[in-house]
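> This is the structure I want to talk about, given as C-alpha coordinates.
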Ligand SMILES: Cc1cc2nc3c(=O)[nH]c(=O)nc-3n(C[C@H](O)[C@H](O)[C@H](O)COP(=O)(O)O)c2cc1C
(Lines give C-alpha, C1' and ligand atoms only; values in the text may rest on other atoms or scores of the structure.)
Protein backbone atom coordinates (compact mmCIF):
# COMPACT_ATOMS: atom_id res chain seq x y z
CA UNK A 1 0.00 0.00 0.00
CA UNK A 2 1.56 3.33 -1.00
CA UNK A 3 1.84 6.17 1.53
CA UNK A 4 -1.09 8.10 0.05
CA UNK A 5 -3.51 5.18 0.21
CA UNK A 6 -2.20 4.42 3.68
CA UNK A 7 -3.13 7.93 4.77
CA UNK A 8 -6.61 7.61 3.21
CA UNK A 9 -7.13 4.48 5.29
CA UNK A 10 -5.87 5.91 8.56
CA UNK A 11 -8.37 6.72 11.36
CA UNK A 12 -9.18 10.17 12.71
CA UNK A 13 -11.44 11.55 15.43
CA UNK A 14 -14.44 13.84 14.98
CA UNK A 15 -15.13 14.92 18.54
CA UNK A 16 -14.50 11.61 20.37
CA UNK A 17 -15.76 9.42 17.54
CA UNK A 18 -13.10 7.49 15.67
CA UNK A 19 -13.77 7.46 11.92
CA UNK A 20 -11.89 4.41 10.57
CA UNK A 21 -10.79 6.06 7.31
CA UNK A 22 -10.98 9.42 5.53
CA UNK A 23 -13.76 8.62 3.06
CA UNK A 24 -17.13 10.25 3.71
CA UNK A 25 -20.24 9.63 1.64
CA UNK A 26 -21.55 13.06 0.57
CA UNK A 27 -25.22 13.82 1.32
CA UNK A 28 -27.32 13.21 -1.80
CA UNK A 29 -31.06 13.71 -2.08
CA UNK A 30 -32.57 10.63 -3.70
CA UNK A 31 -36.31 11.32 -3.34
CA UNK A 32 -37.01 7.63 -2.93
CA UNK A 33 -38.91 7.75 0.37
CA UNK A 34 -42.66 7.75 -0.40
CA UNK A 35 -44.73 9.63 2.20
CA UNK A 36 -41.39 10.95 3.52
CA UNK A 37 -40.61 7.57 5.11
CA UNK A 38 -37.23 5.96 4.34
CA UNK A 39 -37.98 2.30 3.59
CA UNK A 40 -36.04 -0.95 3.53
CA UNK A 41 -34.56 -0.14 0.08
CA UNK A 42 -33.10 3.10 1.46
CA UNK A 43 -31.65 1.20 4.45
CA UNK A 44 -30.02 -1.38 2.16
CA UNK A 45 -28.65 1.36 -0.12
CA UNK A 46 -26.73 2.90 2.79
CA UNK A 47 -25.79 -0.53 4.18
CA UNK A 48 -24.11 -1.44 0.86
CA UNK A 49 -21.84 1.63 1.15
CA UNK A 50 -21.02 0.78 4.78
CA UNK A 51 -20.25 -2.85 3.90
CA UNK A 52 -17.89 -1.64 1.22
CA UNK A 53 -15.82 0.41 3.61
CA UNK A 54 -17.12 4.03 3.58
CA UNK A 55 -15.68 5.56 6.76
CA UNK A 56 -18.67 7.82 7.46
CA UNK A 57 -22.02 8.04 5.70
CA UNK A 58 -23.82 11.38 5.64
CA UNK A 59 -27.39 10.69 4.58
CA UNK A 60 -29.35 12.64 2.00
CA UNK A 61 -30.86 15.87 3.33
CA UNK A 62 -33.76 14.99 5.65
CA UNK A 63 -36.12 17.74 6.66
CA UNK A 64 -37.01 19.26 10.04
CA UNK A 65 -40.52 19.51 11.53
CA UNK A 66 -41.87 22.82 10.24
CA UNK A 67 -44.76 22.69 7.73
CA UNK A 68 -42.59 24.15 4.95
CA UNK A 69 -39.16 22.51 5.33
CA UNK A 70 -39.55 20.32 2.20
CA UNK A 71 -41.06 20.49 -1.26
CA UNK A 72 -41.37 16.82 -2.09
CA UNK A 73 -43.24 14.00 -0.37
CA UNK A 74 -40.50 11.61 -1.55
CA UNK A 75 -37.81 13.42 0.45
CA UNK A 76 -37.47 11.73 3.85
CA UNK A 77 -38.63 13.69 6.90
CA UNK A 78 -36.75 13.76 10.18
CA UNK A 79 -39.80 14.13 12.40
CA UNK A 80 -42.96 12.11 13.02
CA UNK A 81 -43.27 8.53 14.20
CA UNK A 82 -43.09 6.67 10.87
CA UNK A 83 -40.19 8.56 9.25
CA UNK A 84 -38.16 8.30 12.45
CA UNK A 85 -38.88 4.55 12.67
CA UNK A 86 -37.65 4.30 9.05
CA UNK A 87 -34.45 6.10 10.00
CA UNK A 88 -33.95 3.82 13.01
CA UNK A 89 -34.00 0.88 10.62
CA UNK A 90 -31.41 2.64 8.42
CA UNK A 91 -29.11 3.15 11.43
CA UNK A 92 -29.49 -0.48 12.52
CA UNK A 93 -28.63 -1.76 9.05
CA UNK A 94 -25.53 0.40 8.82
CA UNK A 95 -24.39 -0.50 12.33
CA UNK A 96 -24.93 -4.20 11.66
CA UNK A 97 -22.01 -4.11 9.22
CA UNK A 98 -19.86 -1.82 11.36
CA UNK A 99 -20.60 1.46 9.56
CA UNK A 100 -21.03 4.98 10.94
CA UNK A 101 -23.86 7.28 9.87
CA UNK A 102 -24.98 10.90 10.42
CA UNK A 103 -28.26 12.35 9.08
CA UNK A 104 -28.04 15.63 7.17
CA UNK A 105 -30.59 17.96 8.79
CA UNK A 106 -32.22 20.31 6.28
CA UNK A 107 -34.73 23.11 5.75
CA UNK A 108 -35.19 24.38 2.20
CA UNK A 109 -36.31 27.89 3.14
CA UNK A 110 -37.46 29.92 0.15
CA UNK A 111 -35.72 27.57 -2.31
CA UNK A 112 -38.73 25.30 -1.86
CA UNK A 113 -40.27 24.83 -5.29
CA UNK A 114 -43.49 26.70 -6.04
CA UNK A 115 -45.07 23.46 -7.31
CA UNK A 116 -44.31 21.74 -4.00
CA UNK A 117 -46.08 18.47 -3.30
CA UNK A 118 -45.61 19.01 0.43
CA UNK A 119 -48.04 21.38 2.20
CA UNK A 120 -48.43 23.53 -0.89
CA UNK A 121 -50.81 25.94 0.91
CA UNK A 122 -48.18 26.90 3.46
CA UNK A 123 -45.87 29.83 2.56
CA UNK A 124 -42.11 29.24 2.40
CA UNK A 125 -39.88 30.86 5.02
CA UNK A 126 -36.73 32.89 4.52
CA UNK A 127 -35.12 35.66 6.58
CA UNK A 128 -36.44 38.34 4.23
CA UNK A 129 -38.88 36.26 2.19
CA UNK A 130 -36.43 36.38 -0.74
CA UNK A 131 -35.46 33.41 -2.88
CA UNK A 132 -33.07 35.55 -4.91
CA UNK A 133 -31.71 39.04 -4.53
CA UNK A 134 -34.80 40.49 -6.21
CA UNK A 135 -37.26 37.60 -6.05
CA UNK A 136 -39.70 37.90 -3.17
CA UNK A 137 -41.73 34.75 -2.53
CA UNK A 138 -43.10 35.39 0.97
CA UNK A 139 -43.07 37.80 3.89
CA UNK A 140 -39.88 38.04 6.03
CA UNK A 141 -39.87 35.48 8.84
CA UNK A 142 -41.43 36.69 12.07
CA UNK A 143 -39.52 36.33 15.33
CA UNK A 144 -41.84 33.44 16.23
CA UNK A 145 -41.10 31.68 12.95
CA UNK A 146 -37.38 32.06 13.59
CA UNK A 147 -37.75 30.49 17.04
CA UNK A 148 -39.94 27.67 15.64
CA UNK A 149 -37.33 26.90 12.98
CA UNK A 150 -34.42 26.86 15.41
CA UNK A 151 -36.39 24.62 17.70
CA UNK A 152 -37.17 22.24 14.82
CA UNK A 153 -33.44 21.85 14.11
CA UNK A 154 -32.64 21.29 17.78
CA UNK A 155 -35.37 18.63 18.04
CA UNK A 156 -34.06 16.87 14.92
CA UNK A 157 -30.51 16.76 16.25
CA UNK A 158 -31.78 15.47 19.58
CA UNK A 159 -33.77 12.78 17.69
CA UNK A 160 -30.63 11.80 15.78
CA UNK A 161 -28.93 10.96 19.05
CA UNK A 162 -32.02 9.16 20.39
CA UNK A 163 -32.26 7.01 17.24
CA UNK A 164 -28.66 5.88 17.61
CA UNK A 165 -27.06 7.95 14.84
CA UNK A 166 -23.33 8.50 15.45
CA UNK A 167 -23.61 12.27 15.01
CA UNK A 168 -25.45 14.78 12.83
CA UNK A 169 -24.64 17.15 9.98
CA UNK A 170 -26.40 20.52 9.74
CA UNK A 171 -27.07 21.65 6.16
CA UNK A 172 -25.94 25.27 6.05
CA UNK A 173 -24.99 25.26 2.35
CA UNK A 174 -26.19 25.77 -1.24
CA UNK A 175 -28.65 28.62 -0.72
CA UNK A 176 -31.15 26.85 1.58
CA UNK A 177 -32.60 28.34 4.79
CA UNK A 178 -29.43 28.61 6.89
CA UNK A 179 -27.46 29.91 3.93
CA UNK A 180 -30.23 32.44 3.23
CA UNK A 181 -29.42 33.95 6.62
CA UNK A 182 -25.66 34.03 5.79
CA UNK A 183 -26.10 35.61 2.37
CA UNK A 184 -26.44 39.38 2.07
CA UNK A 185 -28.55 38.84 -1.08
CA UNK A 186 -31.34 37.04 0.82
CA UNK A 187 -30.92 38.47 4.32
CA UNK A 188 -31.66 42.20 4.39
CA UNK A 189 -33.06 42.20 7.94
CA UNK A 190 -32.15 45.09 10.17
CA UNK A 191 -32.75 43.26 13.48
CA UNK A 192 -30.40 40.90 15.36
CA UNK A 193 -30.92 38.15 12.77
CA UNK A 194 -29.46 40.26 9.97
CA UNK A 195 -26.48 42.62 9.80
CA UNK A 196 -23.97 44.22 7.49
CA UNK A 197 -21.12 41.85 8.21
CA UNK A 198 -21.02 38.15 7.45
CA UNK A 199 -20.30 37.28 11.07
CA UNK A 200 -23.47 39.08 12.22
CA UNK A 201 -25.48 36.98 9.82
CA UNK A 202 -24.26 33.73 11.43
CA UNK A 203 -26.62 34.15 14.39
CA UNK A 204 -29.41 31.86 13.13
CA UNK A 205 -26.94 29.00 12.62
CA UNK A 206 -24.92 29.60 15.77
CA UNK A 207 -28.13 29.54 17.82
CA UNK A 208 -29.06 26.20 16.23
CA UNK A 209 -25.64 24.75 17.05
CA UNK A 210 -25.44 26.24 20.55
CA UNK A 211 -28.92 25.10 21.59
CA UNK A 212 -28.44 21.66 19.99
CA UNK A 213 -25.18 21.27 21.89
CA UNK A 214 -27.03 22.01 25.14
CA UNK A 215 -29.52 19.23 24.34
CA UNK A 216 -27.16 16.52 23.09
CA UNK A 217 -24.15 17.18 25.32
CA UNK A 218 -20.47 17.73 24.55
CA UNK A 219 -19.72 14.34 23.04
CA UNK A 220 -22.25 14.08 20.22
CA UNK A 221 -20.40 14.93 16.99
CA UNK A 222 -21.82 17.83 14.97
CA UNK A 223 -20.64 18.61 11.42
CA UNK A 224 -21.60 21.89 9.77
CA UNK A 225 -21.82 21.97 5.95
CA UNK A 226 -21.42 25.33 4.23
CA UNK A 227 -20.57 26.66 0.79
CA UNK A 228 -19.58 29.95 -0.73
CA UNK A 229 -21.61 29.15 -3.88
CA UNK A 230 -25.37 29.33 -3.93
CA UNK A 231 -27.73 27.52 -6.29
CA UNK A 232 -29.01 31.01 -6.99
CA UNK A 233 -25.46 32.22 -7.87
CA UNK A 234 -22.79 29.64 -8.63
CA UNK A 235 -19.87 32.04 -8.55
CA UNK A 236 -20.78 33.88 -5.34
CA UNK A 237 -18.23 34.29 -2.56
CA UNK A 238 -19.81 35.48 0.67
CA UNK A 239 -16.39 35.58 2.36
CA UNK A 240 -14.18 37.59 0.05
CA UNK A 241 -10.99 37.29 2.11
CA UNK A 242 -9.48 34.74 4.50
CA UNK A 243 -10.11 37.25 7.29
CA UNK A 244 -13.85 37.34 6.56
CA UNK A 245 -13.95 33.56 6.30
CA UNK A 246 -12.18 33.34 9.65
CA UNK A 247 -14.74 35.55 11.40
CA UNK A 248 -17.63 33.59 9.91
CA UNK A 249 -16.10 30.25 10.90
CA UNK A 250 -15.01 31.23 14.40
CA UNK A 251 -18.59 32.11 15.36
CA UNK A 252 -19.74 28.69 14.22
CA UNK A 253 -16.76 26.91 15.71
CA UNK A 254 -17.23 28.59 19.09
CA UNK A 255 -20.91 27.65 19.14
CA UNK A 256 -19.97 23.96 19.19
CA UNK A 257 -19.24 22.67 15.67
CA UNK A 258 -16.77 19.74 15.66
CA UNK A 259 -15.99 19.52 11.96
CA UNK A 260 -16.67 21.58 8.84
CA UNK A 261 -17.85 20.15 5.53
CA UNK A 262 -16.70 22.63 2.92
CA UNK A 263 -18.74 22.31 -0.24
CA UNK A 264 -17.06 23.24 -3.51
CA UNK A 265 -18.13 22.12 -6.95
CA UNK A 266 -14.50 21.32 -7.82
CA UNK A 267 -12.24 20.57 -4.88
CA UNK A 268 -9.07 21.55 -6.75
CA UNK A 269 -10.04 25.24 -7.06
CA UNK A 270 -8.13 27.51 -4.71
CA UNK A 271 -10.39 29.66 -2.54
CA UNK A 272 -8.53 32.98 -2.54
CA UNK A 273 -5.91 34.48 -4.84
CA UNK A 274 -2.36 34.13 -3.60
CA UNK A 275 -2.75 30.70 -1.96
CA UNK A 276 -3.31 27.20 -3.26
CA UNK A 277 -5.47 26.18 -0.32
CA UNK A 278 -9.02 25.15 -1.15
CA UNK A 279 -12.05 25.96 1.04
CA UNK A 280 -11.45 22.97 3.33
CA UNK A 281 -7.77 23.88 3.51
CA UNK A 282 -8.52 27.41 4.68
CA UNK A 283 -11.19 26.17 7.07
CA UNK A 284 -8.85 23.72 8.76
CA UNK A 285 -6.11 26.36 8.99
CA UNK A 286 -8.44 28.99 10.46
CA UNK A 287 -10.45 26.85 12.92
CA UNK A 288 -7.90 24.12 13.76
CA UNK A 289 -10.82 21.70 13.48
CA UNK A 290 -11.09 18.77 11.07
CA UNK A 291 -12.41 19.63 7.62
CA UNK A 292 -13.98 17.68 4.79
CA UNK A 293 -13.33 18.53 1.14
CA UNK A 294 -15.74 17.65 -1.66
CA UNK A 295 -16.48 18.37 -5.29
CA UNK A 296 -15.84 16.29 -8.44
CA UNK A 297 -13.44 13.96 -6.66
CA UNK A 298 -12.43 11.23 -9.10
CA UNK A 299 -14.79 12.59 -11.77
CA UNK A 300 -14.45 14.73 -14.91
CA UNK A 301 -17.60 16.87 -14.64
CA UNK A 302 -19.04 18.81 -11.73
CA UNK A 303 -22.39 17.82 -10.26
CA UNK A 304 -24.35 20.68 -11.81
CA UNK A 305 -23.64 19.05 -15.19
CA UNK A 306 -25.41 15.97 -13.81
CA UNK A 307 -28.65 17.88 -13.62
CA UNK A 308 -28.18 18.84 -17.29
CA UNK A 309 -28.01 15.11 -18.08
CA UNK A 310 -24.23 14.81 -18.55
CA UNK A 311 -22.27 11.72 -17.56
CA UNK A 312 -18.95 11.94 -15.75
CA UNK A 313 -15.89 9.75 -16.27
CA UNK A 314 -13.56 8.49 -13.55
CA UNK A 315 -10.31 10.45 -13.16
CA UNK A 316 -7.04 10.05 -11.34
CA UNK A 317 -7.14 10.91 -7.60
CA UNK A 318 -3.41 11.32 -6.97
CA UNK A 319 -3.67 15.12 -6.61
CA UNK A 320 -6.45 14.70 -4.04
CA UNK A 321 -4.41 12.17 -2.07
CA UNK A 322 -1.22 14.23 -2.13
CA UNK A 323 -3.06 17.14 -0.54
CA UNK A 324 -4.66 14.85 2.05
CA UNK A 325 -1.20 13.45 2.80
CA UNK A 326 0.05 17.00 3.35
CA UNK A 327 -2.85 17.52 5.83
CA UNK A 328 -4.45 20.37 3.88
CA UNK A 329 -7.81 18.77 4.81
CA UNK A 330 -8.75 15.67 6.81
CA UNK A 331 -11.58 13.90 5.01
CA UNK A 332 -12.72 13.56 1.40
CA UNK A 333 -16.43 13.36 0.59
CA UNK A 334 -17.45 11.34 -2.44
CA UNK A 335 -20.80 11.96 -4.08
CA UNK A 336 -21.73 10.64 -7.52
CA UNK A 337 -18.83 8.17 -7.76
CA UNK A 338 -20.38 6.37 -4.77
CA UNK A 339 -23.79 6.30 -6.46
CA UNK A 340 -22.42 4.42 -9.47
CA UNK A 341 -19.91 2.42 -7.41
CA UNK A 342 -21.16 1.27 -4.00
CA UNK A 343 -17.74 -0.44 -3.80
CA UNK A 344 -15.71 2.70 -4.67
CA UNK A 345 -13.79 2.53 -1.39
CA UNK A 346 -12.69 -1.08 -1.79
CA UNK A 347 -11.75 -0.48 -5.43
CA UNK A 348 -9.53 2.44 -4.39
CA UNK A 349 -8.05 0.49 -1.47
CA UNK A 350 -7.02 -2.29 -3.85
CA UNK A 351 -5.94 0.27 -6.47
CA UNK A 352 -8.38 -1.33 -8.93
CA UNK A 353 -9.01 2.01 -10.63
CA UNK A 354 -9.89 0.38 -13.97
CA UNK A 355 -12.97 -1.17 -12.40
CA UNK A 356 -14.50 2.18 -11.34
CA UNK A 357 -17.62 2.79 -13.43
CA UNK A 358 -18.62 6.01 -15.20
CA UNK A 359 -21.34 8.01 -13.43
CA UNK A 360 -24.40 8.51 -15.60
CA UNK A 361 -27.52 10.44 -14.51
CA UNK A 362 -29.45 7.21 -15.22
CA UNK A 363 -27.82 5.81 -12.07
CA UNK A 364 -30.03 8.18 -10.08
CA UNK A 365 -33.21 6.50 -11.25
CA UNK A 366 -32.96 3.62 -8.78
CA UNK A 367 -31.18 2.89 -5.49
CA UNK A 368 -28.28 0.82 -6.88
C1 LIG B 1 -28.28 13.76 -6.87
C2 LIG B 1 -27.61 14.70 -5.93
C3 LIG B 1 -28.27 15.11 -4.78
C4 LIG B 1 -27.65 15.99 -3.85
N5 LIG B 1 -28.28 16.30 -2.68
C6 LIG B 1 -27.63 17.00 -1.73
C7 LIG B 1 -28.19 17.16 -0.43
O8 LIG B 1 -29.27 16.64 -0.09
N9 LIG B 1 -27.49 17.89 0.47
C10 LIG B 1 -26.28 18.47 0.16
O11 LIG B 1 -25.69 19.15 1.01
N12 LIG B 1 -25.72 18.29 -1.05
C13 LIG B 1 -26.34 17.55 -1.98
N14 LIG B 1 -25.72 17.29 -3.17
C15 LIG B 1 -24.34 17.73 -3.39
C16 LIG B 1 -23.36 16.61 -2.99
O17 LIG B 1 -23.36 16.39 -1.60
C18 LIG B 1 -21.92 16.94 -3.41
O19 LIG B 1 -21.49 18.09 -2.74
C20 LIG B 1 -21.79 17.13 -4.91
O21 LIG B 1 -22.44 16.09 -5.62
C22 LIG B 1 -20.32 17.16 -5.32
O23 LIG B 1 -19.73 15.91 -5.09
P24 LIG B 1 -19.42 14.90 -6.33
O25 LIG B 1 -18.78 15.75 -7.36
O26 LIG B 1 -18.51 13.87 -5.73
O27 LIG B 1 -20.72 14.34 -6.80
C28 LIG B 1 -26.35 16.46 -4.12
C29 LIG B 1 -25.69 16.05 -5.29
C30 LIG B 1 -26.29 15.18 -6.17
C31 LIG B 1 -25.53 14.71 -7.40
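The values are calculated or read from the model by the stated rules, or taken from the named source; none is laboratory data. Remember, predicted model here, so these are calculated numbers, not experimental data. Cβ atoms come from the backbone with ideal geometry, glycine included; neighbour counts cover every protein chain shown.
> Take the stretch 223-252 and flag every residue that is within 19 Å of residue 58 (Cβ to Cβ) and not in a loop (DSSP other than H, G, I, E, B).
223, 224, 225, 226, 227, 252
> Which residues, taken from the stretch 189-219, are under 21 Å from the mean Cα position of the chain (by Cα), under 25 Å from residue 241 (Cβ atoms) and part of a helix (DSSP H, G or I)?
201, 202, 203, 204, 205, 206, 209 - these are the residues of the stretch 189-219 that are under 21 Å from the mean Cα position of the chain (by Cα), under 25 Å from residue 241 (Cβ atoms) and part of a helix (DSSP H, G or I).
> Also, I was wondering about something else. From the set of residues in the stretch 207-221 that are out of contact with any helix residue (DSSP H, G or I) (no Cβ under 6 Å at 6 or more places or on another chain) and over 17 Å from residue 169 (Cβ atoms), which is surrounded by the most Cβ atoms within 10 Å (Cβ to Cβ)?
If we take residues in the stretch 207-221 being out of contact with any helix residue (DSSP H, G or I) (no Cβ under 6 Å at 6 or more places or on another chain) and over 17 Å from residue 169 (Cβ atoms), then 214 is surrounded by the most Cβ atoms within 10 Å (Cβ to Cβ).
> Within the stretch 253-295, work out how many residues are crowded, with 22+ Cβ neighbours inside 10 Å and either within 16 Å of the ligand (Cβ to nearest atom) or assigned to a loop (DSSP other than H, G, I, E, B) (or both).
Count: 18.
> If residue 231 passes every condition in (1) closer than 23 Å to residue 208 by Cα; (2) modelled with pLDDT under 95; (3) out of contact with any strand residue (DSSP E or B) (no Cβ under 6 Å at 6 or more places or on another chain) but one, which one does it miss?
Residue 231 satisfies all of (1) closer than 23 Å to residue 208 by Cα; (2) modelled with pLDDT under 95; (3) out of contact with any strand residue (DSSP E or B) (no Cβ under 6 Å at 6 or more places or on another chain) except (3).
> So, one more: Are there any strands (runs of 3 or more DSSP E) wholly within the stretch 1-105 with 3 or more residues that are closer than 30 Å to residue 141 by Cβ and within 16 Å of the ligand (Cβ to nearest atom), and if so which?
In the stretch 1-105, 56-63 are the strands (runs of 3 or more DSSP E) which contain 3 or more residues that are closer than 30 Å to residue 141 by Cβ and within 16 Å of the ligand (Cβ to nearest atom).
> So the check is Cβ under 7 Å with 6+ separation or different chains; which pairs have a first residue in the stretch 58-71 that's within 16 Å of residue 158 (Cα to Cα) and a second one that's away from the ligand (no atom under 13 Å from the Cβ) and in a strand (DSSP E or B)?
That search, which allows pairs on different chains as well, returns 62/77; 63/77.
> Which of the numbered conditions does residue 310 fail, given that it passes all the others? Conditions: (1) farther than 20 Å from residue 225 by Cβ; (2) part of a helix (DSSP H, G or I); (3) touching a residue at least 12 places away in the same chain (Cβ under 8 Å).
(2)
> Continuing with the same structure: Kindly list, by first and then second residue, each pair from a residue in the stretch 313-342 that is without any contact (Cβ under 8 Å) to a residue 60 or more places away in the chain and closer than 15 Å to residue 291 by Cβ to a residue that is part of a loop (DSSP other than H, G, I, E, B) and within 11 Å of the ligand (Cβ to nearest atom), limited to pairs with Cβ atoms under 8 Å and residues at least 6 apart or on different chains.
If the second residue must be part of a loop (DSSP other than H, G, I, E, B) and within 11 Å of the ligand (Cβ to nearest atom), the pairs left are 320/267; 320/297; 320/298.
> How many of the residues making up the stretch 296-338 are touching a strand residue (DSSP E or B) at 6+ places or on another chain (Cβ under 7 Å) and at positive phi?
1
> Quick check on my filter: what residues within the stretch 137-168 are under 16 Å from residue 90 (Cα atoms) and not in a helix (DSSP H, G or I)?
164, 165, 166, 167, 168
> Another question, if that's okay. If the requirement is being more than 22 Å from residue 151 (Cβ to Cβ) and more than 16 Å from the ligand (Cβ to nearest atom), which of these qualifies: 202, 241?
241
> Something else: Of the residues 117, 186, only one is surrounded by fewer than 18 Cβ atoms within 10 Å (Cβ to Cβ), outside any helix (DSSP H, G or I) and more than 16 Å from the chain's Cα centre (by Cα); which?
117
> Any idea which residue in the stretch 296-324 is farthest from the ligand (Cβ to nearest atom), counting only those that are closer than 18 Å to residue 22 by Cβ and surrounded by fewer than 17 Cβ atoms within 10 Å (Cβ to Cβ)?
Restricting to residues being closer than 18 Å to residue 22 by Cβ and surrounded by fewer than 17 Cβ atoms within 10 Å (Cβ to Cβ), the top hit is 322.
> Next up: Return the pairs, sorted by first residue and then second, in which the second residue is at pLDDT below 95 and assigned to a strand (DSSP E or B), the first residue lies in the stretch 18-31 and is under 18 Å from residue 361 (Cα atoms), the beta carbons are less than 8 Å apart, and the residues are 6+ apart or on different chains.
Pairs that qualify, where the first residue is under 18 Å from residue 361 (Cα atoms) and the partner is at pLDDT below 95 and assigned to a strand (DSSP E or B): there are none.
> Quick one: which helices (runs of 4 or more DSSP H) lie wholly within the stretch 317-368 and hold at least 2 residues that are closer than 18 Å to residue 266 by Cα?
Here the list reads 318-325, 336-340.
> Please verify whether the stretch 349-366 includes one or more residues that are within 16 Å of the ligand (Cβ to nearest atom), surrounded by 21 or more Cβ atoms within 10 Å (Cβ to Cβ), at pLDDT 95 or above and closer than 30 Å to residue 287 by Cβ.
No; the residues of the stretch 349-366 include none that is within 16 Å of the ligand (Cβ to nearest atom), surrounded by 21 or more Cβ atoms within 10 Å (Cβ to Cβ), at pLDDT 95 or above and closer than 30 Å to residue 287 by Cβ.
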